[in-house]
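Structure record follows, encoded as structure tokens.
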Amino acid sequence: MLLQQLVNGIVAGSVYALFALGFNLVLGALNILNVAQGAIFTLSAFVAFYLIKLYEVPFPLALLLATIAGGLINVALEILVFRPLRGRGGTSMSTLVASIGASMVLLSLAQKISGAQVERFPFETLPEVQWSFGDVRLSFIQALVLATTVVVMIGTYVLLNRMKLGKAIRTMAFNERIARMLGIPTGIVACWTFFISGALGGLAGVLLGLMFNSVHFLMGEPYVLKGFAAIVIGGFGSVIGVIVASMLIGLAEVFSIVIGIGTFRDVVIFGMLFSFLLFRPNGLFGRDEELRP
Amino acid sequence: MTGLYAKFVSRARTGVLATAMAVGTAVAGMSGAVAQEIKIGVPLSLSGPVAFAGTKMKDAMDLAFEEVNNSNFLGSMKLVPVYADDMSSQPQGINVTQQLALRDQVSAIVGYTASNICQASLPVAQEFKVPTLQGDCVVPGLNKIGEYVYSAVRPSDSFVEQLVAKVTPLKQFKTAAVLYQRENPVFAHLLGVITEAFKKQGVKIVATEAITSGADADFSAQLTNIAAAKPDVLAILLLGGQVGPAMVQARQAGLDTTLFLGEQNFDSSEVRRVAGKAAEGSLYPSHWFAASPLEANKKFVEVYRKRFDRDPDTFSANGYNAVWMMAQIVKKAGSGDREAIRQAMETIGEMDTIFGTAGKTSFEDRLVSLTPFFFQVKADGSVEQLQ
Amino acid sequence: MNWNEISYWLVVYNHSILTALINSVTALSLYFSLRAGIFNLSAIGFMAIGAYTAGIVALSLGTPAVVGILAGVILSLMIGTVLVYPVLKLRGHYLAIATLSFGAIVQALALNLDGLTNGPAGLIGIPATVRVWHVLILLGAILYAAWTLQRSRTGRAWDAIRTDLSAARAMGIDVENYRLRAFLISTALAALAGGLWAHVNRVVVPFEFGFAQLTMALVNTLLGGISNPFGPVVGALIVSTMPDWLSGFAEYREMITGVLLVVVVIYLPNGLIAPLAALRRKLSGGRRAATAGEGAAR
């Protein structure tokens, strides 16, 4: 049983990781805490759902389209909201608030579309296969989530370390002015950053909707706060940190249920967050950032 | 609780209120037409987390109001619904109640969606002496609020108890587990009820697990825990939108032969659609189900299907039923006067309803009395009524 | 509008008005921290503590509302004092996240500590003894205090800290002390709002003290703007009464609020009150401490 719970925790953590990676990317590159990531998560799940249900689009294509949709919505936010704000001297506070406003708009859109009902992907969407390894069961979708997370991890590493775009993003994260002086087209890089971030969030949304058989307009809510926790615990700007932290959060949740204090999970997770902020504000793997005033 | 406030209200505001009433009735009198229009306030959760239930209620209530008026059930009196959105929030619930009572001068109130909003808003309706029939809140205690507040549904306590008593010997349960939602007082309360019911039947509770909130979708950890205890039956006390996923995940977690047991919301279309095969064998009580053979219900389902292109669920039924009950009450009262309506609620005796096995109900202690159906879900998704 | 009609509307919209006024207090709680440059989002957490304390005291001891509300404020200040030291060491996003998680922890505790808070069912039957004029007087007092503080040395210190913390420190301002004061004032006001809330809404459940409510409080404060204390109040009044004056578009309320928020944050960083304040400045002719307007956006 414990082994199964371990698997449950890692799978849950993987979804958190996919979500938080997107979050972290925008935060690191542009110093924007984009609360609307939760709305993008939700809307992408809806896009995939309606594509499959109404137009009978095959799953892999729907997944791809929904992921792209997530990216595009995020880019739209950058162009409509964050860029004008940066141009007018927005602070970290005002960008956070603007993202909250954007999130409200997107979520009320989702509510209107779905009529506030809970939906489920049609049955034949994925093979309902389950593998058993002794005591442990792993369903197809769970395996898919794990595989996707690994692929994304590798992809992110390659992106940030081997590709020009990635290096541009990292330079921007370090110092935007220097990046501009080096001739990096910061506007375009910012758009790409948002696109990738939105795509990751969207991917997480679709996978989650599939895995837990439910798509509804409030599904993103718990993920935003946990995304925060993942960033803090993992360490600002660190990809590995975010992933490890997400796994930790997933496991912490699962094991608080195992030992019977499951409903205190918010206390556990945010207690962890708090402790890190107090004693190790750089998180597990964070670079030395100016965190203290 | 309300007494002290009421005293304040009457002492401090008699003059103002009297003036307000005078202004109000003058205005109302001016708008009087040949058909007497009776305004009925309908507060519902049309946005926010509980909107999935409130919007269903509204659909069906629209239908019901139309039927009442078009069929001339009340003769020259017409019911005019005044809808208000409480936004799934308590302060707003109190707000709209107050406005329906004072600004819109409704003759009566029918509606409310969520239990905590009922708890906050009904005392206000009582204070303003507006006869109220709440149609969807099943948390216990609402009938104790006052003589102006009646309930068209009742807590599922007795239904669930009866179900457990009925099926335990039938299915020979030895062990049971419970999965419930903590954030919702109705389910937290039912936990106690069901645990007692099982114990009384000699069934051992081997696991109790909680989901924190109505927005949760991942039950794998809790279900893995439960699976380790291998219960014969699993009681699922979650929101309708969570029940389906819970069943599917339960099977995935290894609860292959366990039967699921729940309360009314097992009957919503969402559950069967979402759970599919996993729901086979599920047991639940319901004061209503879509295929109920009652004439009045068959008509309702047909009309609803034609208009909304889907089957009605518990929330729709609750809404529809509440409006029709109110219509009968208004008929007995003979007018839109609040006192007359309150009197009518107290003295009405037997009423027609689409609920229950008998199609008739009356108020007992300001709650409707209902004989529930008991159901088991079959392999093909249809339900079989247990005798 | 004659007196009869006015008093009629006052009676009908009584609860609306009370809610709007209490939301103004919460908005002012956020205001003090934001004014000093502290991105403190703990308001709803302390509001919950204030509400539950007031409720528990009123229900178990039967004392008048004042006692419970005061107890809530004192308890919150005690907790706030412990919290403030580690929290104020953080900056920007991190402070926001830390205070946000404080709120989440409080909500989770309220949900689970059945013995104390009655868990999900919450506290029922709290006497609704708080009146509009009570809150009006309190609000007036708070506004007066805020206005005075704004023009005093404390206010100028806050402005300096908000504009550039290291520069302020270099100028010899006791940054830690002033930030502490701002944080604790915010805490007290939030707890006060919570206590009032309990005695107006009669039922206190964990559900009502979450992220959604925090969002609304932020909207209230920022819509009005933090350039002067009337901003949050204006914002709160507009937004809280929105269900009433926007009744035709009820389903678009969230969307409209979201759009309004984005537009205000980008194009009117000093909030809706800024044009009014600027007008007032022009009319009165004199120069006022210019830092108030400029600093607010940063």
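In the neighborhood of B:Asp232, defined by Cβ-to-Cβ distances under 11 Å, what is the net charge if each Lys or Arg adds +1 and each Asp or Glu adds -1?
On the way: positive: B:Lys171, B:Lys174, B:Lys204, B:Lys230; negative: none.
Net charge around B:Asp232: +4.
Where in chain C are the helices, taken as whole DSSP H runs, whose Cα atoms extend 30 angstrom or more along the long axis and whose Kyte-Doolittle mean reaches at least 0.0? Mind showing how you got there, number by number?
Numbers: long enough: C:14-35 (31 Å, 0.82); C:65-88 (33 Å, 2.40); C:92-112 (31 Å, 1.26); C:175-201 (39 Å, 0.68).
For chain C, where a helix must reach 30 Å along its axis and average at least 0.0, the hits are C:14-35, C:65-88, C:92-112, C:175-201.
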Could you tell me which GluC sites (Glu not before Pro) in the range A:202-293 are loop residues by DSSP with no more than 11 other beta carbons within 10 angstrom of their beta carbon? A:Glu290
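Please average, across the residues of B:94-100, the number of beta carbons from any other chain that are within 10 Å of each residue's own beta carbon, and give a whole number. Please list the in-between numbers first.
Working: counts 10, 12, 4, 1, 6, 8, 1.
That works out to 6 on average.
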Per-residue HN-Hα couplings for the range A:58-73 [Karplus 6.51, -1.76, 1.60; θ = phi - 60°; Hz; x = Gly/Pro]: x, 3, x, 5, 4, 4, 4, 4, 5, 4, 4, 4, x, x, 5, 4
Compute the signed sum of charges (Lys and Arg +1, Asp and Glu -1) over the other residues within less than 10 Å, Cβ to Cβ, of C:Ile226. +2
For the range A:227-243, 3J(HN,Hα) per residue [Karplus equation, 6.51 cos²θ - 1.76 cosθ + 1.60, θ = phi - 60°, Hz, x = Gly/Pro]: x, 4, 4, 4, 5, 5, 5, x, x, 3, x, 9, 5, 4, x, 4, 5
Label points 7 Å out from Cα along the Cβ direction at C:Val67 and B:Asp352: separation in nm? 5.6
For chain C, rounded, prolate or oblate, judged on the Cα gyration tensor with a ≥ b ≥ c (square roots of eigenvalues), a/c < 1.5 rounded, else prolate if a/b > b/c? oblate
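What helices in chain B pass both tests, a Cα length along the helix axis of 15 Å or more and a mean Kyte hydropathy of 0.5 or higher, using whole DSSP H runs? All intermediate terms of the calculation are to be shown ahead of the outcome.
Values: long enough: B:2-30 (36 Å, 0.83); B:51-70 (28 Å, -0.27); B:90-102 (18 Å, -0.16); B:115-127 (18 Å, 0.11); B:157-171 (21 Å, 0.23); B:185-200 (23 Å, 0.78); B:240-253 (20 Å, -0.15); B:295-308 (20 Å, -1.19); B:314-333 (28 Å, 0.22).
What comes out of the filter, once short or polar helices are dropped, is B:2-30, B:185-200.
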Based on Cα positions only, what radius of gyration and what Dmax would you give for the range B:233-383, in angstroms? 17.9, 59
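Using Cα-Cα distances under 8 Å and only pairs 6 or more residues apart, what relative contact order does chain A have, in percent? Walk me through the numbers on the way to the answer.
Working: 474 pairs, mean separation 102.3, N = 293.
RCO, chain A: 35 percent.
Would you mind finding the longest exposed-site-free stretch of chain A, with exposed trypsin sites (Lys or Arg not before Pro) meaning DSSP loop and at most 14 other Cβ atoms within 10 Å?
On the way: sites that count: A:Arg88, A:Arg287.
After excluding every exposed loop site, the longest remaining stretch is A:89-286.
Rounded to the nearest 0.05, what FRET efficiency is calculated for C:Leu77 and C:Asp114 with R0 set to 41 Å and r the Cβ-Cβ distance?
Taking R0 as 41 Å, the efficiency between C:Leu77 and C:Asp114 is 0.95.
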Inter-probe distance in nm under a simple model that places probes 7 Å from Cα toward Cβ, at B:Lys166 and C:Arg281: 7.4
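Extension gain A:Leu64-A:Met1, at 0.36 nm per residue separation less the Cα-Cα distance, in nm?
Numbers: separation 63, 0.36 × 63 = 22.68 nm, distance 3.48 nm.
Length difference between fully extended and current span is 19.2 nm.
Taking Cα pairs under 8 Å and at least six residues apart, what relative contact order does chain B come out at, in percent? Numbers along the way, then the final one.
Details: 750 pairs, mean separation 60.0, N = 387.
Relative contact order for chain B comes out at 16 percent.
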Using the beta-carbon distance between B:Ala291 and A:Leu146 and R0 = 35 Å, what value does 1/(1 + (r/R0)^6) give for FRET efficiency, to the nearest 0.05? 0.25
Mind running the shape call on the protein assembly as shown? Use the C-alpha gyration tensor, a ≥ b ≥ c as the square roots of the eigenvalues: rounded below 1.5 for a/c, prolate if a/b tops b/c, oblate otherwise. oblate
In nm, to one decimal, how far is the modelled label at C:Ile256 from the one at C:Trp147, with both set 7 Å along Cα→Cβ? 3.0
Which far-off residues, 5 or more places away or on another chain, put their amide H under 5 Å from the one on B:Thr208, with H placed in the peptide plane? B:Val178
³J(HN,Hα), Karplus 6.51/-1.76/1.60, whole Hz, each residue of the range A:35-49, x for Gly, Pro: 4, 5, 3, x, 5, 5, 3, 5, 4, 5, 4, 5, 4, 4, 4
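Suppose R0 equals 25 Å. What FRET efficiency, 1/(1 + (r/R0)^6) with r the Cβ-Cβ distance, do B:Ala379 and A:Val129 give to the nearest 0.05?
Values: r = 21 Å, r/R0 = 0.83.
Efficiency, rounded to the nearest 0.05: 0.75.
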Once you order the gyration tensor axes a ≥ b ≥ c over the Cα atoms, which shape class does the range A:101-190 get: rounded for a/c under 1.5, otherwise prolate or oblate by comparing a/b with b/c? oblate
Under-5 Å amide H pairs with B:Val383, H placed in peptide plane, nonlocal only: B:Lys378
Semi-axes of the equivalent ellipsoid of the range A:212-293: what are they in whole Å, largest first, if each equals the square root of 5 times a C-alpha gyration tensor eigenvalue? 24, 15, 11
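Give me B:Met247, C:Met78, A:Met247 ranked fewest to most by other Cβ atoms within 10 Å of their Cβ, as a rough exposure proxy.
Working: B:Met247 31, C:Met78 12, A:Met247 21.
Least to most surrounded, the residues fall as C:Met78, A:Met247, B:Met247.
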Select from A:Ala147, A:Ala69, A:Ala245 the residue whose mean-square fluctuation is largest in a Gaussian network model of chain A (Cα-Cα springs shorter than 10 Å). A:Ala147
The long-range amide H neighbours of B:Leu261, using H built 1.01 Å from N in the peptide plane and a cut-off of under 5 Å, are B:Leu234, B:Ala235, B:Ile236, B:Leu283
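How do A:Glu119, B:Glu295, B:Glu161 line up, fewest other C-beta atoms within 10 Å first? Intermediate results must be reported in sequence, preceding the final value.
Working: A:Glu119 22, B:Glu295 11, B:Glu161 18.
Ascending Cβ contact count within 10 Å gives the list B:Glu295, B:Glu161, A:Glu119.
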Comparing A:Ala45, A:Ala98, A:Ala199 in a Gaussian network model of chain A (Cα, 10 Å), the one with the largest mean-square fluctuation is A:Ala98
The residues B:Tyr284, A:Tyr157, sorted from fewest to most surrounding Cβ atoms within 10 Å, come out as A:Tyr157, B:Tyr284
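None of the figures in this text is laboratory data; all of them are computed from the coordinates on show. Owing to the predicted nature of the structure, the values given are computational and were not obtained by experimental measurement. So basically every Cβ, Gly included, is an ideal-geometry build from the backbone, and we count neighbours across all protein chains shown.
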